[in-house]
Each structure stands twice: as C-alpha cells, then as structure tokens.
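Worksheet: the structure to be examined is printed underneath.
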Amino acid sequence: MARVEIHGNSIEYVDEGSGELVVLLHSSGSSGAQWRALVERLRSRYRVIAPDLLGYGATANWSGRGAFCLGHEAAIVRGLLDRLDEPAHLVGHSYGGAVALNIARQQDHLLRSLTLIEPVAFHLLRDGDETDAAALLEISEVAGMVARSLACGDYRGGLGRFTDYWSGPGAWSAIPSAKRDALASRLGKVALDFYSTINEPAGLDDMRAIDVPTLIVQGARTTPPTRRICQQLARVMSDVDMRIVDGAGHMLPLTHRDEVNGLIAAHIDANCPARGAANKLVA
C-alpha cells in the first residue's frame, strides 16, 4: 500500500501494474480491498490505483471542517489524479460511483473512460416524476435510520439494517461477529455518505454535459433508488453503454464478480488508445 497527503488528509491506496491509469472507487462501508480481484485482472496491462476513501480502510476520517459534501471526497480523488498526472479510466461502485460522477461532471478532461456501477447519486432523484419521488423517499428513510442509529450509539444495529437493505435480509447476520464489530465502526462515515449524496446540488440536467465514454452497470434485482438512477443517467448522458446483470443486486461487484469485472475490463480496453492502435495493426 502507498500513502499520500492530499488537502491535509492522509490517503492510503493500492498501486499495482503499469500502463494507462485505472482508478477504482469503492462503495460505502468498504475499502479499496473491494477491488482485489479486478486489480489482479488488470495489473498486467494497466497501472491500477484503488484508494481507501475518507474514513474507510487505512485512510483517516473526515476532518469535520464544515458540512461534508461530495465535493470534499471528489477533491481527494482529483488531488490523487493531479499527482499521477495523466488521464484515467475511472470506475466507481455505489458511493464510489457517485464520487466518480461528480468528478466526471466537473473535470471530464481528466478521464479516458467512466464506469458507473449503480452510483448512489440520490440527488438525481429530486424534482422528478412520481417514480423518482417514491425512490427518493425510500432511500431517505434508510438514511434517516442510519442517522438515528448513529445518534443513539446503536452502531451494530444501524450498519446491520444498512447492510440488509443493500444485500438482502440475513446478510448482516451471515458476517462473522468479529468482522461485524469492525464494520459497525464505519457507521459515522456511512451517515456522511448519505448526507452528501442526497444533498448534492447538481441535478440530472447537469449530467448531460459529461463527454466521456461511459459504461453503466446495474443489477437486475437491485433496489428502486439505484435502478431509477441508472435509468435516468442512461437517458440523459450522450455516450453510454448500459448493461444489466441478471440475478444481481446492488453488491454485484462482489456477488457477480467475474461477470462485472469482465464488463469493466472490456470497457477499459475499448477506450485504451494504445490497445486500440495495436488492434488496428493486427487487423
């Protein structure tokens, strides 16, 4: 693992392989270790960076200087990209997808390609139709439950209900007890992630300006909020390939790892200038 100071925050990240840059952003409650198998798959032909986002893995918690927003997390990733000093293939799942979308909206010149796996950009559900409103109400109730659990100190219960919402009933109880204790300590950052993704001011129309080849991956059995976000992004973005993974829910990079990693790798390969040139020479 490598470590770097960005905007006063100590960020730890995986750095393996060589070639064009690939940056992988994980989901809430997880860490860069989520991408271990994908790193292994890509590192023979790409340089793969997988940071621990704020408050996760070995990266320090949010400093608490002002109200937390998606821009604070995105600034950390942009700072990392600035230090690496080359365009990247950016991949984000869930909360990492919302962060990736924030970066693409403001600085898509930093990107060669974008992969969004069920991005939890809940702010995109505002000011929509009845389907959007129902989806936003559903996820706001989950966010409220997390905030209440945090406020009363029920960390295990709060993260347990959060986990079962995304992975299905019984998912939390299936995790070994010692690991549940470690995961429960992340509830405070999970609450911040919800706050930032619901209150981000950008709307759906702001996504129309993103000009980068984008893959959107959705699980066929996912929750209504993320299903609706994927549908709306596919509708308004200009250069999108939408893929739905049969039988999968929101945690599809883990439950359907090989299929999802294959989709990601194919999208990156298709938008890698060096590999594209090599393919033309062979043809």
Pop out the ³J(HN,Hα) list for the stretch 208-223 in order, Karplus 6.51 cos²θ - 1.76 cosθ + 1.60 with θ = phi - 60°, rounded to Hz; leave Gly and Pro as x.
5, 7, 5, 10, 8, x, 10, 9, 10, 10, 10, x, 5, 10, 6, 7
Any chance you could give the angle, 0 to 90 degrees and rounded to 10, that helix 224-236 forms with the longest Cα principal axis of the chain?
30 degrees
Roughly how many nanometres apart are two label points built 7 Å out from the Cα toward the Cβ at Q231 and R65?
4.2 nm
Could you give the length gained by full extension between E5 and D129, i.e. 0.36 nm per residue of separation minus their alpha carbon distance, to one decimal place?
40.4 nm
In whole Å, how far is the Cα centre of the stretch 96-121 from that of the stretch 177-222?
11 Å
Based on the Cβ-Cβ distance from Q107 to C152, what FRET efficiency comes out when R0 is 41 Å, to the nearest 0.05?
0.55
Run the numbers on the stretch 75-177 and let me know its relative contact order in percent, using alpha-carbon pairs under 8 Å that are six or more apart.
17 percent
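Counting DSSP beta bridges in the chain, what percent are antiparallel, to the nearest 5?
30 percent
The numbers here are math on the coordinates, done by the rules we state, and not lab data. Quick caveat: nothing in here was measured; it's all calculated off a predicted structure. FYI the Cβ positions are ideal-geometry reconstructions off the backbone, even for glycines, and counts take in every protein chain you see.
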